[in-house]
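Before any comments, here is the structure.
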Amino acid sequence: MLYALCDFSEDWMDLQEIGEFGLINRIRKWTSTSNPALLKGIGDDVAVIETGKKVWLVTTDLLIEDIHFDLTWVDPFHLGRKALFVNLSDIAAMGGTPKYFLISLGIPKNLSLSFLSSFYRGLKDGTKRFGVDLIGGDTSVSRKIIINICLLGEGKRGALLFRSGAGVGDDLFVSGTLGDAALGLKILRKNGLHAKPIGLIQKHLSPSPRIQLGQVLARNHWATAMIDVSDGLLIDTNHLLEESGVGARIWEDRIPLSKLYQKWIHSFSKSPYPFALSGGEDYELLFTAPPKMRKRIAHLALSLQIPITPFGEIVPKKEGLYLIRKDGKKYSPSRLGFEHFKRR
Ligand code: ADP
Ligand code: MG
């Protein structure tokens with residue numbers, strides 16, 4: 001009886017209470033399937049479908065004008081390229097190889113042809129860089145620009161990394177530096193199109209998916225779990241922890257920050273950390289690996305010339321997710337990162 005009441009009361013909850021991820025968890029329950037060819041369905045960066053020895057990786061992302069991008073700050077060339085790159089980043093997070101994609105567009109009727117040709121030039125630039133092919137899509141008129149890409153990639157069974165798989169005692173690593181893209185956007189909004197520094201603004205306009213890094217980690221079995229950081233370091237760490245059934249401690253002062261970020265963040269915030277921890281749009285790889293892999297990962301960072309920083313450790317689930325300040329004080333974060341629908 002009590003259970004029946006609970007289910008009934010759920011119908012009255014609104015999206016602001018449960019947020020985007022609460023909704024996705026419910027969709028997962030409503031639509032659960034037991035197809036043996038589906039190695040991963042809802043709940044990871046991409047879906048994984050087995051066909052013989054090969055596995056197909058499938059991912060999709062939606063970009064909506066004034067929600068995900070603002071045409072005041074992004075030109076069509078960069079918009080086209082970024083639309084592809086955010087999908088490539090999800091394939092990178094599995095250690096896969098991106099192959100083919102479809103793009104569907106909602107287009108306002110007064111949008112110029114030159115906007116669209118420039119958008120497709122950006123897209124083409126991205127396809128050349130990563131060897132992927134556009135194979136189709138769909139087009140419709142709409143009030144705002146809507147961009148949906150569905151990307152197909154391939155991988156080998158046993159040589160992929162999932163969000164599940166992290167074990168207690170594993171180190172937590174992240175590639176690159178954090179917060180640059182979010183700070184770049186803040187600077188653009190405050191100071192306009194001719195704002196400096198270009199380095200941070202470039203990170204916002206032109207993320208670089210870490211395809212090669214993801215592949216090396218997955219093929220060599222050096223990592224145990226992986227996700228890309230799209231919504232913010234803490235919220236994406238939390239997704240990995242939930243799927244792996246573990247907790248984590250993070251040392252705040254080990255969060256990798258670029259020199260430019262450290263120079264400019266002070267105009268916006270006293271502490272550099274909150275923004276780097278939950279800013280979003282970093283498109284870096286977050287992964288876990290047992291301590292015996294530390295040397296190999298340090299060598300990999302040198303050979304790929306990508307910073308890879310250990311910044312935390314996996315702990316039992318009951319300890320949850322917490323941070324440790326420089327002075328040794330522990331705290332639980334009050335906000336994890338960006339989530340659609342959620343009341344701020
Ligand atoms: P990412 O940030 O890596 O793109 P998301 O947080 O958007 O991942 O999605 C998490 C999981 O939920 C993925 O498996 C995705 O395919 C799935 N998902 C998201 N939205 C929906 C939806 N409306 N219906 C079904 N599955 C969804
Ligand atoms: Mg992802």
Name the single residue, out of those in the stretch 60-78 being in a strand (DSSP E or B) and not β-branched (Val, Ile, Thr), that is surrounded by the fewest Cβ atoms within 10 Å (Cβ to Cβ).
Leu62
Pair list, Cβ < 7 Å and 6+ apart or interchain, from the stretch 15-40 residues that are among the polar types (S, T, N, Q) to residues that are within 16 Å of ligand 2 (Cβ to nearest atom):
Thr33/Gly41
Qualifying positions in the stretch 37-59 - within 16 Å of ligand 2 (Cβ to nearest atom) and either in a loop (DSSP other than H, G, I, E, B) or over 19 Å from Arg26 (Cα atoms) (or both):
Gly41, Ile42, Gly43, Asp44, Asp45, Val46, Val48, Leu57, Val58, Thr59
Of the residues Leu105, Leu134, Leu160, Leu152, only one is touching a residue at least 60 places away in the same chain (Cβ under 8 Å) and outside any loop (DSSP other than H, G, I, E, B); which?
Leu152
Quick one: which residue in Asp125, Asp70, Asp61, Asp66 is of a type in the set (Asp, Glu) and within 17 Å of the chain's Cα centre (by Cα)?
Asp61
May I ask you to verify whether Gly158 is modelled with pLDDT of 95 or more, farther than 24 Å from Asp125 by Cβ and surrounded by fewer than 21 Cβ atoms within 10 Å (Cβ to Cβ)?
no
Return the residues of the stretch 311-344 that are in contact with a helix residue (DSSP H, G or I) (Cβ under 8 Å, 6 or more places away or on another chain), buried (at least 18 other Cβ atoms within 10 Å of the Cβ) and assigned to a strand (DSSP E or B); say none if nothing qualifies.
Phe311, Gly312, Ile314, Leu321, Leu323
Can you tell me which residue among Asp253, Asp231, Asp170 is surrounded by fewer than 18 Cβ atoms within 10 Å (Cβ to Cβ) and closer than 26 Å to Pro316 by Cβ?
Asp253
Tell me whether the stretch 106-119 contains one or more residues that are within 15 Å of ligand 2 (Cβ to nearest atom) and of a type outside the set (A, V, I, L, M, F, W, C).
no
Test Leu152 against the criterion of being closer than 23 Å to Ile67 by Cα, buried (at least 16 other Cβ atoms within 10 Å of the Cβ), modelled with pLDDT of 95 or more and within 16 Å of ligand 1 (Cβ to nearest atom), and give yes or no.
no
Which residues, taken from the stretch 238-276, are in contact (Cβ under 8 Å) with a residue 60 or more places away in the chain and assigned to a loop (DSSP other than H, G, I, E, B)?
Gly245, Val246, Ile255, Pro256, Leu257, Ser258, Phe268, Pro272
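The values are calculated or read from the model by the stated rules, or taken from the named source; none is laboratory data. Quantities reported herein were computed from a predicted structural model and do not represent experimental measurements. Using ideal geometry, Cβ is built from the backbone for each residue, glycine included, and neighbour counts are taken over all protein chains shown.
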